[in-house]
Amino acid sequence: MRSKLLLVSIILSIISLPTIAPTAEEVITDPVSGLQWPTAGETPTIGKCAGGPKNWNNAFLYVNCLNSLNYFGHNDWRLPEKREILSLYNNLIVKRSSKIVQTNVWFWSSTTYTNDPLEAWYVDMFDGSTGGGNKTNVTCYVWPVRAGQ
């Protein structure tokens, strides 16, 4: 009887998990933070915006380029703060959202590394670990974010 109650409790907790709500064309809203993310975390080439890994300064330029193209109908994309990209990892990647496409590992945050102003925080999207990388010499991928509605 106890095992049946435990099973029912587990099923109910799974059913009550927040669902991922896709919004406009390939953008997903984090159900916890309300932030909106492109579903593809691949730093793709979009029009004149060259994709692929970038140093920290070029990550900002990439996001600015996306904004100039009105990426997914919006021009307010930005590089996420460390806590925001960790939220993406915890709320969408760990829960294996079927909408998220991500095969790259390290993604820049906009947050300067605490111990060295020449470094910025990045997040490893395979295990959620964080580290500091030199803003000029290290390349990571870019996963832009915007505030939700």
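Going from the alpha-carbon gyration tensor of segment 21-134, what semi-axes, largest first and in whole Å, does one get by taking the root of 5 times each eigenvalue?
Numbers: eigenvalues 87, 69, 29 Å².
So the three semi-axes of segment 21-134 are 21, 19, 12 Å.
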Obtain the nm distance between the two label points defined at Asp127 and Ala40 by a simple spin-label model: each point lies 7 Å from its Cα along the Cα-to-C-beta direction. 2.9 nm
By counting other Cβ atoms within 10 Å of each Cβ, how are Ile46, Ile28, Ile85 ranked from fewest to most? Ile46, Ile28, Ile85
Listed by chain and number, the aspartates and glutamates with an alpha carbon less than 16 angstrom from that of Lys82, same-chain partners under 8 positions apart left out, are Asp30, Asp116, Glu119, Asp124, Asp127
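Throughout, read-outs are computed from the coordinates displayed, never taken from laboratory work. Owing to the predicted nature of the structure, the values given are computational and were not obtained by experimental measurement. Methodologically, a virtual Cβ is constructed for each residue, glycine included, from the backbone with ideal geometry; neighbour enumeration extends over all protein chains shown.
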